[in-house]
Amino acid sequence: MVEQPDQSTPLAGVHEFLRKEFKGRNVRIYEAGGGSRSYLPLEDLSISSVTVVDIDPVQIADNRYGDQKVLGDIQEYVFPPNSFDLIVCYNVIEHLTSPDKAIELFYQALAPGGFVFIGAPNPTSLWGIAAKYTPHWFHVAAYRWILGRKDAGQPGKGPFPTIYHRIVSPAELVRFCEKLGFKTIYKQEHSSPNLQNLADRRRIFGWAIKTSIAVLNVLALGRNDFGKSDYHVVFKKVM
Ligand SMILES: C[S@@+](CC[C@H](N)C(=O)[O-])C[C@H]1O[C@@H](n2cnc3c(N)ncnc32)[C@H](O)[C@@H]1O
């Protein structure tokens, strides 16, 4: 059965799941597109090693949590079978031209019974649709002028160009991964706390976004929630 956690913050549910699952076990972690920060509860896990692969040299140079840091493309980088117990790909698959290739390589590199945690923006949400259908320069401008990130678009700094391949939507991702041999263990769609904070800080902008989401949800007759901007899924490589 797929767990449906009710947690205070979206990541807390994943953290709780990982703490329970890896309690008393040494865990070999691969952060695919790990950038310079990890969203795992690293201090609570008994870690034997963390391997990071990222295509951006600045992100790799700024990475402090990896034991092995590799400058490479996760759609091509091959690890031997049974190299990892946990693979994390957080806010990365939306940037890939071939996320299917990357996930196939994750499957091969995982130990039997190992887990993949994927987090990504939801392309069927209002934010996802806006990100998918606007150009990269617009994302850079939004980071600068709405989020106040003056270094946006500089080498090694976000936003990174997005592709939104077909399997990036939660439903398509689950379909693809289960066909490959994964079992879906945990799934949660949520509204990003960062976007909620932004809407609270920029009141008129926030009101316009919330109103648009409410109108779209009514028009969708309950078939889609346009406010669920992000999702987390954990897959298990069944033996
Ligand atoms: C939005 S950042 C997320 C970084 C980190 N996972 C986090 O959550 O902070 C996206 C990362 O994916 C990396 N990336 C994009 N395409 C990649 C690829 N083909 N192979 C490896 N890394 C990639 C970028 O360099 C960047 O560090």
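Brief remarks follow.
- Members of region 95-129 that are within 14 Å of the ligand (Cβ to nearest atom) and β-branched (Val, Ile, Thr): Thr97, Ile103, Val116, Ile118
- Taken over region 72-92, the criterion of being more than 9 Å from the ligand (Cβ to nearest atom) and of a type outside the set (Ser, Thr, Tyr) is satisfied by Val78, Phe79, Pro80, Pro81, Asn82, Phe84, Asp85, Leu86, Ile87.
- Pair list, Cβ under 8 Å, 6 or more apart: region 87-116 residue without any contact (Cβ under 8 Å) to a residue 60 or more places away in the chain, other residue in a strand (DSSP E or B) and away from the ligand (no atom under 14 Å from the Cβ): Ile87/Leu110; Ile87/Gly114; Ile87/Phe115
- Look at (1) more than 11 Å from the ligand (Cβ to nearest atom); (2) under 22 Å from Phe79 (Cα atoms); (3) of a type in the set (Phe, Trp, Tyr) and you find that Phe17 fails only one, number (2).
- Among the residues of region 216-239, those identified as in a loop (DSSP other than H, G, I, E, B) and farther than 14 Å from Ser191 by Cβ are Ala220, Leu221, Gly222, Arg223, Val238, Met239.
- Looking across region 185-239, the residues that are among the aromatic types (Phe, Trp, Tyr) and closer than 26 Å to Arg175 by Cα come down to Tyr186, Phe226, Tyr231, Phe235.
- Residue ID - nearest to Asp100 (Cα to Cα), chosen from residues in region 51-71 that are touching a Pro at 6+ places or on another chain (Cβ under 9 Å) and more than 7 Å from the ligand (Cβ to nearest atom): Leu71
- Of Pro155, Pro161, all but one fail to be surrounded by fewer than 17 Cβ atoms within 10 Å (Cβ to Cβ), within 18 Å of Val58 (Cβ to Cβ), within 11 Å of the ligand (Cβ to nearest atom) and over 18 Å from the mean Cα position of the chain (by Cα); the exception is Pro155.
- Residues within region 179-233 that are closer than 28 Å to Ile103 by Cβ, in contact with a helix residue (DSSP H, G or I) (Cβ under 8 Å, 6 or more places away or on another chain) and not charged (D, E, K, R), tallied: 18
- Look at (1) more than 9 Å from the ligand (Cβ to nearest atom); (2) touching a His at 6+ places or on another chain (Cβ under 8 Å); (3) modelled with pLDDT of 95 or more and you find that Gly33 fails only one, number (1).
- Ser48 being without any contact (Cβ under 8 Å) to a residue 60 or more places away in the chain, of a type outside the set (D, E, K, R), near the ligand (Cβ under 8 Å from one of its atoms) and over 17 Å from Phe106 (Cβ atoms): no
- Any hit, region 164-178, residues being farther than 22 Å from Cys89 by Cβ and either of a type in the set (Phe, Trp, Tyr) or in contact with a helix residue (DSSP H, G or I) (Cβ under 6 Å, 6 or more places away or on another chain) (or both): no
- Among residues of region 14-37 that are buried (at least 16 other Cβ atoms within 10 Å of the Cβ), those with a Cβ under 6 angstrom from a residue that is part of a helix (DSSP H, G or I), sequence gap 6+ or separate chain, pair up as Gly35/Gln59; Ser36/Gln59; Ser36/Asp62.
The values are calculated or read from the model by the stated rules, or taken from the named source; none is laboratory data. Here the structure is a predicted model, which is why all the values come from computation and not from measurement. Glycine also receives a Cβ, built like all others from the backbone with ideal geometry; neighbour counts cover every protein chain displayed.
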